[in-house]
Amino acid sequence: MDAAQLQCEQDKTSYREGLKGSVVISLLQARLKMAYEAKTLGFECPSWDVKAWEAKLRDLGGSPVEYPAKLAGEEPSKAAEEAADAEKNPGGDAGAGADGVVVEEGAAP
């Protein structure tokens, strides 16, 4: 019976370690995607150690994250549009429509 319990504990430990590795890989991929997209939009954060994240991802055997190539006809994201609108109209109300009325989702017109 002791051998069966020992094997069960080893299996649990192996499963947990494999799960931790998968979670770390997913987290690194998400961080890299975020960093690449931010860089595409012109934002860079010096505290993000992208090279270290890439190296750790390779060490763990995760699939690399592709750097997004911005296409000529690609429309900017909603966040980029809102940031551009805020720069154009610094005194304006964020979320305001063309007539200056705040537009709320789900509200009846």
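Of the helices (runs of 4 or more DSSP H) lying entirely inside the chain, those containing at least 2 residues that are modelled with pLDDT under 80 span 78-88. Residues that are of a type outside the set (S, T, N, Q) and over 26 Å from L19 (Cβ atoms) within region 37-66 comprise E37, A38, K39, L41, G42, F43, E44, C45, P46, K51, listed in sequence order. Sub-6 Å Cβ pairs linking a first residue in region 27-46 that is farther than 19 Å from L57 by Cα to a second residue that is in a loop (DSSP other than H, G, I, E, B), at least 6 apart or interchain, are T40/P68; T40/K70, ordered by first then second residue. Does S26 satisfy the criteria of being loosely packed, with under 13 Cβ neighbours inside 10 Å and within 11 Å of the chain's Cα centre (by Cα)? Taking the combined requirement at face value, the residue satisfies it.
The values are calculated or read from the model by the stated rules, or taken from the named source; none is laboratory data. Note that this is a predicted model, so its numbers are computed, not measured. All Cβ positions, even for glycine, are placed from backbone atoms using ideal geometry, and neighbour counts span all protein chains on display.
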